[in-house]
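The values are calculated or read from the model by the stated rules, or taken from the named source; none is laboratory data. Note that the structure is a prediction, hence the values are computed from the model and not measured. Ideal geometry is used to build each Cβ from the backbone, glycine not excepted, and the neighbour counts take in all protein chains shown. All accessible areas refer to the heavy atoms of the entire protein, side chains included, with ligands and DNA or RNA removed. Shrake-Rupley method; radii C 1.70, N 1.55, O 1.52, S 1.80 Å.
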Amino acid sequence: MAVQPSAETAETYRTEAVPSADRWWRDAVIYQVYPRSFADGDGDGIGDLTGVRDRLPYLAELGVDALWFSPWYASPQADAGYDVADYRRIDPAFGTLEQAEALIAEAHALGLKIIVDVVPNHVSDRHAWFQEAVAAGPGAEARGLFWFRPGRGEDGELPPNDWQSVFGGPAWTRTANPDGTPGEWYLHLFAPEQPDLNWNNSKVREEHESVLRFWFDRGADGVRIDSATMPAKDPELPDFDPAAPPVPHPYIDRDDVHGIYRAWRALAEGYERPRALIGEVWLADPVRFAHYLRPDEMHSAFNFDYLNCPWDAADLRRVIDATLAAHASVGAPASWVLSNHDVTRHVTRYGRADTSFGLALRQHQVPTDLALGTRRARAALLLDLALPGGCYLYQGEELGLWEVEDIPDALRQDPIFHRTGGLDIGRDGCRVPLPWSGSRPPFGFSPEGAAAEPWLPQPAAWAAYTAQAQDGVPGSMLTFYRTALGLRRAEPGLRGDAFGWLDGHPAGVLAFARGDGFACLANLSGTAVPLPAGAEVVLASDPGFDPAAGRVPDDTTVWLRTR
Ligand code: GLC
């Protein structure tokens, strides 16, 4: 879709006013740490802050600029921490607030920035506010922080409207009155353990701003904003047909959601070193998407169009063009992302007949060719890292990990699996604890002799994919990531926004220049193509690449010095 520059064009966005070191997010590589699955320091089979602190040198050596932590707060873990009971405490399974503060300081000392997750749409049903609201009964002020409503039907036995939860099943759960009789219902767009907050209530706004300050004051360099399009609701809570939703939608991307982020931006800018706001904005319309990145809103948002895009040159080119145009219209940096804790790992996706990310593909037994997926994942990394803007990496992709699709159903933990009756196998397969060392599970994820097994089982084949097994090995995925990230940091051609397609290559080739001395060529044509004459190959994604052959094999990306 063509993108019209909005009123707030790049010209009005004077980023130059902010010192460049303080605009680090514009081209940063941000690595997502999923704390449950990163490294277990205390041997209970669940990752924790001690495990992360021990491995900060590994992350610094990898060459990333910042770490984004999925929620580490006190939580009953009904949705792996995205059900926050208390933002000012660390979940005991992960550690303590003192450890989080130490982690931030240690990361900073290694030159790594820290991003924490905030979840404005909902809290845990164990959050003090919700407990109080349920106990207080209908009509109480405490209920005004959430969406409590009487049911429909003769005895209120039917949900207040027909909205469905993102995780499957109705978006409403009935409560009991303080005297035990059936009471009002409350809205939860995700699991019943995640009641939605009412952002029309000023206390909700004040509390979140206080939470942001709490973490910014402790040195957090930014926040990742969960489900950022969803906090504002149509207060009438109307029924609607999800196949033909009304505009505006009753709860997705409503205009009044932007006021939340404007306030947050002002707060973030109030710090001497401005803090970054990074949004989880799943929206197909690039114009609506870009609204979240206007100069007085977020700094960056995950590019899910790119993540969803099939491994196909024409599709990728279309998405890259739409991305760059949408971001340029508001002066924001583009971002590139292939994996996270919610989607099928891209090594697996790229080995399938359908290489897009689609929920329909998250089922049992969709065949994949992991060797092909791995080859393409390497090519995709060099493509991403060469595009202007920031990149988000998900823990384990630097080891070439694939989606673990054969977890026994009895061990699956994701509420999506349970709430869809297994129709969607859920997200556990990308959350399997990382393999660090050794030849058998837990592969160094937990300390030697730990009593507990990792919270999800690791495949035996990961013996060859541990960080230890790949360390210093030419051609390994880990070596490749370290090399590519190091070159990206050092390469002046990869700074700034300069970008131009280089035409004249065979169909199925994506070739572009960054500045006048650096180029990237990704071959998705199905056959080898000529290496551009006179270009020096800086790095190739194919570990067996031979520049003397004068050809770039299929599913290979090369970085080129062109002068
Ligand atoms: C976001 C998170 C996801 C979580 C959901 C509800 O999409 O990334 O993991 O389940 O929000 O908080």
Original post:
On a 0 to 90 degree scale, rounded to 10, what angle separates helix 477-490 from the longest Cα axis of the chain?
Top reply: 80 degrees
Original post:
Rounded, prolate or oblate: which fits the range 180-312, taking a ≥ b ≥ c as square roots of the Cα gyration tensor eigenvalues, rounded meaning a/c under 1.5, else prolate when a/b beats b/c?
Top reply: oblate
**OP:** Give a quick list of chymotrypsin sites (Phe, Trp or Tyr not before Pro) in the range 232-322 that DSSP marks as loop, anything other than H, G, I, E or B, with at most 13 other Cβ atoms within 10 Å.
**Re:** Tyr271
Original post:
Within the chain, what percent of beta bridges assigned by DSSP are antiparallel, to the nearest 5?
Top reply: 55 percent
Original post:
Taking only protein heavy atoms and a 1.4 Å probe, what accessible area per residue, in Å², does the chain have with all protein chains in place?
Top reply: 37 Å²
Original post:
Which shape class applies to the chain: rounded if a/c is under 1.5, otherwise prolate when a/b exceeds b/c and oblate if not, where a ≥ b ≥ c are the square roots of the Cα gyration tensor eigenvalues?
Top reply: prolate
Original post:
When the convex hull of the Cα atoms of the range 404-511 is projected onto a plane and the area is averaged over all directions, what value comes out in nm²?
Top reply: 11.8 nm²
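Report, to the nearest whole %, how much of the accessible area of the chain belongs to carbon and sulfur atoms, 1.4 Å probe, protein only.
Working: 11200 of 20990 Å².
The value for the chain is 53 percent carbon and sulfur by accessible area.
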Original post:
What residues qualify as long-range amide H neighbours of Val538, i.e. H under 5 Å apart, gap of 5 or more or another chain, H built at 1.01 Å from N?
Top reply: Trp559, Leu560, Arg561
**OP:** With no solvent and one equal point scatterer placed on each C-alpha of the range 183-242, evaluate the Debye formula and give log10 I(q)/I(0) for q = 0.12, 0.13, 0.30 Å⁻¹, two decimals.
**Re:** -0.42, -0.48, -1.36
Subject >> Within the range 128-187: Cβ-based charge dipole about Cα centre, in debye rounded to nearest 20 (Lys, Arg +1; Asp, Glu -1) >> reply: 160 debye
**OP:** Between the alpha-carbon centers of the range 404-418 and the range 59-99, tell me the distance in whole angstrom.
**Re:** 22 Å
**OP:** Choose one of Ser124, Trp163, Pro441: the residue whose Cα lies farthest towards the positive end of the charge dipole of the chain (beta-carbon charges +1 Lys, Arg; -1 Asp, Glu; about the Cα centre).
**Re:** Pro441
Original post:
Cα gyration tensor of the range 128-187, axes a ≥ b ≥ c as square roots of the eigenvalues: rounded (a/c below 1.5), prolate (a/b > b/c) or oblate?
Top reply: oblate
**OP:** Give me the angle, in degrees from 0 to 90, between the Cα long axis of helix 313-328 and the longest principal axis of the Cα atoms of the chain, rounded to the nearest 10.
**Re:** 60 degrees
Original post:
Based on the Kirkwood radius over alpha-carbon pairs, what value in µm²/s does the Stokes-Einstein equation return for the translational diffusion coefficient of the range 322-453 at 4 °C and 1.567 mPa s?
Top reply: 78 µm²/s
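Taking N as the number of residues in the range 341-416, what is its alpha-carbon radius of gyration divided by 2.2 N^0.38 Å? Walk me through the numbers on the way to the answer.
Numbers: Rg = 13.3 Å, N = 76, 2.2 N^0.38 = 11.4 Å.
So the Cα radius of gyration is 1.17 times the expected 2.2 N^0.38 Å.
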Original post:
Treating the beta-carbon of each Lys and Arg as +1 and of each Asp and Glu as -1, no other charges, what is the dipole magnitude of the range 411-480 about its Cα centre, to the nearest 20 debye?
Top reply: 160 debye
**OP:** For Leu393, enumerate residues with amide H under 5 Å from its amide H, sequence gap 5+ or separate chain, H modeled in the peptide plane.
**Re:** Ile30, Tyr31, Gln32
Original post:
With the contact rule set at Cα under 8 Å and sequence spacing of 6 or more, what percent relative contact order holds for the range 128-187?
Top reply: 32 percent
Original post:
Once amide H atoms are placed 1.01 Å from N in the peptide plane, what residues at a sequence separation of 5 or more from Arg152, or on another chain, have their amide H within under 5 Å of its amide H?
Top reply: Leu158
